[in-house]
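Here's the structure, in structure tokens; my notes come after.
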Amino acid sequence: MRYLPLTPVDRSAMLQAVGASSVDDLFVDVPAEARLSGPIAGLPNHASELSVERQLAALARQNTVAGEVPFFLGCGAYRHHVPATVDHIIQRGEFLTAYTPYQPEIAQGTLQMLFEFQTQVARLLGCDVANASMYDGSTACWEAITMARRITRRAKALISAGLHPHYVSVAKTMARFTGDELHTALPELEAATDIDTLIGQIDGDTSCVVVQYPDILGRVADLSELAARAHEKGALLVAVVTEPVALGLLKSPGEMGADIVVGEGQSIGVGLQFGGPYVGLFACKEKFVRQMPGRLCGETVDAEGKRGFVLTLSTREQHIRREKATSNICTNSGLCALAFSIHMTLLGEKGLRGLAELNHAGAVAAAERLARVPGVELVNGSFFNEFTLKLSKEARPLVRRLADRGILAGVSLGRLYPGVDALEHGLVVAVTETTTPEDVEALAAALQEDLA
Amino acid sequence: MSMNRQGRVSRPEGETAANTETFTGNRALMLEEPLIFEIGNEHTTGVDLPYPPLDFEGKGTAREASGGGAAGVAGGLTPAAPPPPSAVPLPEQARGGFEGLLRTRPIGLPGLSEPEATRHYTRLSRQNYAIDLGLFPLGSCTMKHNPRLNEKVARLPGFADVHPLQPQETVQGAYALIYLVADWLCKLTGMPAVAMSPKAGAHGELCGLLAIRSALEARGDMRSVVLVPESAHGTNPATAAFAGYAVENIPATPEGRVDFEALKRRLGPDVAAVMITNPNTCGLFERDMKRIADAVHAAGAFVYCDGANFNAIVGRVRPGDLGVDAMHINLHKTFSTPHGGGGPGSGPVVFSAALAPFAPLPFVEKQGDHYHLVEEETAEEHHAHSFGRMVAFHGQMGMFTRAAAYMLSHGADGLRQVSEDAVLNANYILRSLDDLLDAPFGDSGPCMHEALFSDDGMAEGFTTLDIAKGLIDEGFHPMTMYFPLVVHGAMLVEPTETESKANLDQFIGALRSVAARAKNGDPSLKAAPHFAPRRRLDETLAARKPVLVWKDPEVAQAAE
């Protein structure tokens, strides 16, 4: 077996050295009835590299590849072009095959990268500090709700109807066990977000208001008023960003007063990958840092006075505080954070802004084109690179019909909100720099034909 | 003096001067690297964007507005300048409520050109230790070789460039891949069901405990306590608390295993579950696992097994045969997916028949040749007891593809060899060092995949930390230190099966040498490491005055 260096000669020499007559002697503590005498049944034996590659490539070929067809899906995962440099660097063994940087003297590469990542994320989201990443946006969102509970000592969270339904679902699952009270609502196919409704619901028991920016239908709204009203009542504003490219063009939630800003960083540097691994972003105001979940990297000096970096404030974390920790998270998304950071460094301020403008301009042009198709109506009053169309037919079967024709038309709200009649004509369409005019024309033509 | 024909000296001469300061601060291949904020700026970018943007029949055009000119096909690559920020075109409808939201102030994100960025990260990478460089014996972390075939298949466009919400007919191969890994995990553990969505080990623990709590609630049995052995990973008690339980410790016996009698005495109607790591963090197999499981079940509770150490038994022992109800499997440990400097991981959870109905959504089902995803909408028919969704989309696909490549490469026979070699390597380390280092449970029988030592017998003032830092100078990553908590100055060594005997012998030699220095009180060891990119770092300073983001020194000074 190509991954196993011990030879039969080594094995017998080593068995002799440890005083065992056979390897079975080493498993003597396993109850006899649980020891298997041979390879587990029903599974194949070892295979060559060539054979494995063939088997898995055969499965890969059964999938419709986003980059090979007109493609318009978003809703929390976006297809952007990732520079080749990103994938090259993250495959360097020193990054790829390193562990969590518990021995900082020989992990400065990872630690400095994390320090840079934290700074990039904090600045992008408009916060004082950011952590070294979470699993993804949905789990980061729940962690933000629990953090708000710890800070305010209140357990009622108002969840915007525009929050990604999977994120809502994750929060509902967890809240059922923790006793948090969540107020949720379904989105409506309207031009404006539900900010005004949320403002009216804040009261003295509210721990936080959770709002997505841009929201699940792609709408963008000013959060300043919401933040101010939340603060008046002693509540926090938690903002969720699932498309960080938007922040190249739009004011950050932190700038508008959000206390905790979390996000899904997949858009920058990490591919679609059928849903994971992604990278959760988590940032907040400095005064809340000791209530943050997850790892933090901090600057310090070594014995010679040279600048260096270490994991710090770990008294918040499970390996020190155990059941009193702020979260149970251990492994996070280090390598995806690296991909995010490299891509962000390649973009820089100028590149990110340009990318955001490109996305927005493309979306505007596409929205105009698609809204001219009979039976198609643009819902949004505002949007960044994603907007919702109201179709004259139910969207979910239409998406399937268009997929049969080789067009991945977007995410139907029927997929995200099954059984909700008021939403079943909604189709969320995302346009990025990877979308071509031909793609949009193909979608427009297919919609026109199908809706006729 | 020896010279070649051009008169160039071809033998070293001059004094050795190891302490000579260099102008740059670099030491030949050991290169210092500033932060991106110190070398980049807001005007540099390493990405050429495909300007001009989309344009359709001259309507609502970005190109006109940005003055991009008529040249070039819309969407094509041109060297044209990006549109000025103020010229971002918005149709009347989309403009509503938007203008006030445009960024007016710079974000402060430095950019680097591609060569600069490549060099920055390459230089950083060289300050890291990694499995690709050598033995990485972190106990309970299973740092084994990461095959590059895994990386290759994970990047096949059919896996890497697929959106999680694509219509199910367009992703049958992706579902099949998830199903394949799920099937292997069920067979390897002897358990009937598996939840694939948990994102890492601790997330898997949470998944297991939520299923347990749901099962208890379904029978109207509200229990409040989870029992966790003293030697458990910190995630166990943290997870139990996160799931809303009170945590109580159960003691270990002098031989390093769970105290069965103490556990049995504590069981009662308030105990929801017992979390047990097997093999445990002392490197020992819990011999009483079956008896424990029977007692726990008799008391109406469930057995959660922390599967972090599954590498010791994979292919030889199935946890399902030992009465386990739920166990997470770290694909980034046993199944070789890379740790990436702290993630991403992946923590599927296998379930017994008693817990399977409560497993989270979504999951992949197979009907004939067709795969479909059971989500909230379809769950009600035949998965009504699911405790719900833990994560957006459906888990760490990129880790499933890597794990699948690993599983298929090894096969059932190869995986059996994996655990045999992992255990043999650990015992070889234990018995090659237990004459010099204190092995607190050395008399408790063979160890499993990891060998545990304490710092007992070191010279006054010398501890595990010094030994660890001394190993760094020897070119090895240190072992896990100060864990498990049941042993003073614990050193937990897990070599894994992917080390050759020659590597182990060199490591043993190095550790013996460092341990001897610690026993003899060698003062230079207190200052180790001497040869790493950094000397010992001041962690107290970092925690007392946290600097978590970079601030421009000038701006920071002005603010003070």
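We did not get these values from a lab; they are worked out from the coordinates using the rules stated. From a predicted model like this one, the values you see are computed outputs, not experimental measurements. Neighbour counts run over all protein chains shown; Cβ positions are idealised from the backbone, glycine included.
Note on A:T197 and A:A228: their simple-model spin labels are 2.3 nm apart, each label 7 Å out from Cα toward Cβ. Across the stretch A:18-34, coupling constants 3J(HN,Hα) worked out from phi with the 6.51/-1.76/1.60 Karplus curve, θ = phi - 60°, read 8, x, 10, 8, 8, 5, 4, 4, 6, 9, 5, 7, 7, x, 3, 5, 9 Hz, and Gly and Pro carry x.
When shorter helices are ignored and each DSSP H run of at least 4 residues is given -39500 (n - 2.57), the per-residue value for chain B at 222 nm works out to -10000 deg cm²/dmol.
Shape of the stretch B:150-406 from its Cα gyration tensor (a ≥ b ≥ c, root eigenvalues): rounded if a/c is under 1.5, otherwise prolate when a/b > b/c, or oblate? In terms of gyration-tensor shape, prolate. Between 0 and 90 degrees, the angle of helix A:437-451 with respect to the longest Cα principal axis of chain A falls at about 60 degrees. For peptide A:32-42, the mean count of partner chain Cβ atoms within 10 Å of a residue's Cβ comes to 6. Amide H to amide H distances under 5 Å link A:L236 with A:C208, A:V209, where only residues 5 or more positions off or on other chains count and H is placed in the peptide plane. Legend: helices of chain B (whole DSSP H runs) are marked when their alpha-carbon atoms reach 30 angstrom or more along the helix axis and their mean Kyte-Doolittle hydropathy is at least -1.0; marked are B:397-433. Overall, the anisotropy analysis places chain B in the oblate class: the square-rooted eigenvalues a ≥ b ≥ c of its C-alpha gyration tensor yield a/c not less than 1.5, with a/b not exceeding b/c. Residues B:R431, B:R155, A:R353, arranged from fewest to most other Cβ atoms within 10 angstrom of their Cβ, appear as B:R155, B:R431, A:R353. Amide H contacts of A:L281: A:M134, A:G263, A:E264, A:G265, each under 5 Å away and 5 or more positions distant or on a separate chain (H built 1.01 Å from N in the peptide plane; Pro and chain starts excluded).
Taking 16 Å as the straight-line reach from the Cα of A:K287, the lysines in range (excluding those fewer than 8 positions away in the same chain) are B:K545. Modelled spin labels at B:T540 and B:E114, positioned 7 Å past Cα toward Cβ, are 4.9 nm from each other. Applying both filters, DSSP loop and at most 16 other Cβ atoms within 10 Å, to the chymotrypsin sites (Phe, Trp or Tyr not before Pro) of the stretch B:398-462 eliminates every site.
Helix A:108-125 axis versus longest C-alpha principal axis of chain A: approximately 10°, rounded to the nearest ten.
For the stretch B:218-273, the set of trypsin sites (Lys or Arg not before Pro) satisfying both a DSSP loop assignment and a count of at most 13 other C-beta atoms within 10 Å is given as B:R219. Cβ-Cβ distance of A:K324 and B:T378, R₀ of 35 Å, FRET efficiency by 1/(1 + (r/R0)^6): the value works out to about 0.30.
Loop-located GluC sites (Glu not before Pro) in the stretch B:229-301 (DSSP state other than H, G, I, E, B) with a sparse environment of at most 14 neighbouring Cβ atoms within 10 Å: B:E230, B:E255. Placing +1 on each Lys and Arg Cβ and -1 on each Asp and Glu Cβ, with no other charges, gives the stretch B:139-285 a dipole about its Cα centre of roughly 240 debye. Each residue in B:D183, B:D421, A:D450 was given a count of other beta-carbon atoms within 10 angstrom of its own, and listing them fewest first yields B:D183, A:D450, B:D421.
Taking the charge dipole of the stretch B:150-406 about its Cα centre, with +1 at Lys and Arg Cβ atoms and -1 at Asp and Glu Cβ atoms, the residue from B:G307, B:C207, B:C186 reaching farthest to the positive side is B:G307. Mean partner shielding of peptide B:465-478, defined as the number of other chain Cβ atoms within 10 Å of each residue Cβ, is 2.
Peptide packing for A:60-67, B:321-328 was compared via the average number of neighbouring C-beta atoms within 10 Å per residue; ordered from the highest value, the list is B:321-328, A:60-67.
Counting other Cβ atoms within 10 Å as a rough exposure proxy, the listed residues A:H164, B:H449, A:H88 run A:H88, A:H164, B:H449 from fewest neighbours to most. Is the shape of the stretch B:422-525 rounded, prolate or oblate, going by the alpha carbon gyration tensor and its root eigenvalues a ≥ b ≥ c, with a/c under 1.5 for rounded and a/b larger than b/c for prolate? Here the stretch B:422-525 falls in the oblate category. Here the protein assembly as shown is assigned +1 on the Cβ of each Lys and Arg and -1 on the Cβ of each Asp and Glu. Its dipole about the Cα centre then comes out at about 720 debye. Simple spin-label estimate for B:E230 and B:E255 gives 1.7 nm between the two label positions (7 Å along the Cα-to-Cβ direction from each Cα). The alpha-carbon of B:K290 sits under 13 angstrom from the alpha-carbons of these aspartates and glutamates, leaving out residues fewer than 8 places away in its chain: A:D29, A:E33, B:D321, B:D325. Averaged over peptide B:374-383, the number of partner chain Cβ atoms lying within 10 Å of each residue's Cβ comes to 2.
Our coupling estimate for the stretch A:38-47, obtained by passing each phi through the Karplus curve with A = 6.51, B = -1.76, C = 1.60 and θ = phi - 60°, is x, x, 5, 6, x, 10, x, 7, 4, 9 Hz, Gly and Pro reported as x.
Using the rule -39500 (n - 2.57) for each DSSP H run of four or more residues, divided by the residues of chain A, the 222 nm mean residue ellipticity is -11500 deg cm²/dmol. The alpha-carbon positions of the stretch A:84-343 define a convex hull whose volume is 131 Å³ per residue. Annotation: amide H of B:F363 within the under-5 Å range of B:V374, sequence separation 5 or more or interchain, hydrogens built in the peptide plane.
Ranking A:A66, A:A442, A:P187 by how far each Cα lies toward the positive end of the dipole of the protein assembly as shown (charges on Cβ) leaves A:A66 at the top.
Once each part is reduced to its C-alpha centroid, what is the distance from the stretch A:1-62 to the stretch B:372-407 in angstrom? After rounding, the separation between the Cα centres reads 29 Å.
A protection proxy built from the mean count of other Cβ atoms within 10 Å ranks the segments B:161-172, A:192-203, most packed first, as B:161-172, A:192-203. Each peptide among B:391-399, B:139-147 gets the average number of other Cβ atoms lying within 10 Å of its residues, and from highest to lowest they stand as B:391-399, B:139-147. Counting only Cβ charges, +1 for Lys and Arg and -1 for Asp and Glu, the dipole size of the stretch B:420-542 around its Cα centre is about 500 debye. Taking the Cβ-Cβ separation of B:D183 and B:R148 as r and a Förster radius of 30 Å, what is the calculated FRET efficiency to the nearest 0.05? Using R0 = 30 Å, I get an efficiency of 0.75. Using only Cα atoms and rounding to the nearest 10 degrees, what angle (0 to 90) does helix A:395-404 make with the longest principal axis of chain A? Between helix and principal axis, roughly 60 degrees. Projecting the Cα positions of B:S197, B:V274, B:G340 onto the charge dipole of the stretch B:150-406 (unit charges on Cβ atoms of Lys, Arg, Asp and Glu, taken about the Cα centre) puts B:G340 furthest along the positive direction.
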